[in-house]
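What follows is calculated from the coordinates using simple rules that are stated; it is not laboratory data. Since this is a predicted model, take the numbers as computed values, not measurements. Backbone-built Cβ (ideal geometry, glycine too); neighbour counts: all protein chains shown.
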Amino acid sequence: MSIQSLSRGGTPRPSANLPFHLKFSRCVGQFTARDQLARDVACFLDFEDAVSSWNCRSLQFRHGFDTYSPDFVAERSDDVLVIDAVGQRRPPQWIYDAVTREGFTYRTMSRGDLDPIRLKNCNDLLQCSDGEVSLGDRVRLLSVLDQQSSLTLAESLTVFQETKPIRGLANMVVGRFIEIDLDTALIGPETVVRRYRG
């Protein structure tokens with residue numbers, strides 16, 4: 001099932017006036033966030049291996065005269081995950097039953113579900129990933145990784161000749177050509193870089 005085929009409501013309306021400078025690679029359509037927590041959940045979604053694409057508030061559910069659109073709809077290989085970012089704002093009590101009746105999986109995410117190290121790393125990569133990686137640089141880095149299996153981040157940066165190194169590396173992580181550990185520590189010179197394995 002394609003995520004583009006899931007829309008059951010009108011065009012989502014931007015509802016949060018948040019400063020926004022990130023370009024998500026797997027967001028289908030316009031990005032909107034109700035609050036900062038929802039924006040941070042979106043950062044996690046872009047780096048979730050199981051998620052192939054996601055969009056914002058594309059499904060509208062009804063319960064009597066009430067309607068409600070959860071924050072995100074994420075397409076995975078075996079199901080569709082509907083997500084609400086839950087802070088001070090609470091989704092209606094009936095939404096879990098309404099989502100599961102449609103055959104989807106429903107999940108809420110709070111601030112406590114977001115590891116601060118992973119969030120910082122995801123934010124940093126997205127902020128640095130604007131633009132393109134030259135074909136030559138992409139092939140060079142992947143070829144070296146094929147030969148050596150892994151490099152430190154500092155070593156990887158020396159491979160780039162045509163693209164700004166940090167931008168090129170961030171683009172290749174976001175594009176799932178390579179992978180780094182986002183959870184153990186903040187990204188640094190000794191961070192290990194490998195080919196993406198999924």
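Worth a mention:
- Added length on full extension, which subtracts the Cα-Cα distance from 0.36 nm per residue, Arg62 to Asp130: 20.7 nm
- Springs between Cα atoms under 10 Å define the GNM used for the chain, and in it the highest mean-square fluctuation of Asn123, Asn55, Asn171 occurs at Asn123.
- DSSP bridge orientation in the chain - percent antiparallel, rounded to nearest 5: 75 percent
- Axial C-alpha extent at least 15 Å, average Kyte-Doolittle at least -1.0 - helices from the chain (DSSP): 36-46, 116-128, 135-148
- Per-residue Cβ neighbour rank within 10 angstrom, fewest leading, Ser25, Ser53: Ser25, Ser53
- Top of Glu132, Glu179, Glu102 by mean-square fluctuation, Gaussian network on the chain, Cα under 10 Å: Glu102
- C-alpha center-to-center spacing [the stretch 125-148, the stretch 18-83] in angstrom: 27 Å
- By the beta carbon rule, with partners counted only under 4.7 Å, the chain holds these lone Cys residues: Cys27, Cys56, Cys128.
- Ranked list, fewest to most other Cβ atoms within 10 Å of each Cβ, for Arg89, Arg118: Arg89, Arg118
- Relative contact order for the stretch 116-195, counting Cα pairs under 8 Å that sit 6 or more residues apart, in percent: 44 percent
- Footprinting exposure proxy for Val41, Val144 (fewest neighbouring C-beta atoms within 10 Å first): Val144, Val41
- Estimated [θ] at 222 nm from DSSP helical runs (n ≥ 4, -39500 (n - 2.57)) normalised by residues in the chain, nearest 500: -9000 deg cm²/dmol
- About its Cα centre, the chain has a charge dipole of approximately 500 debye under the convention of +1 per Lys or Arg Cβ and -1 per Asp or Glu Cβ, with nothing else charged.
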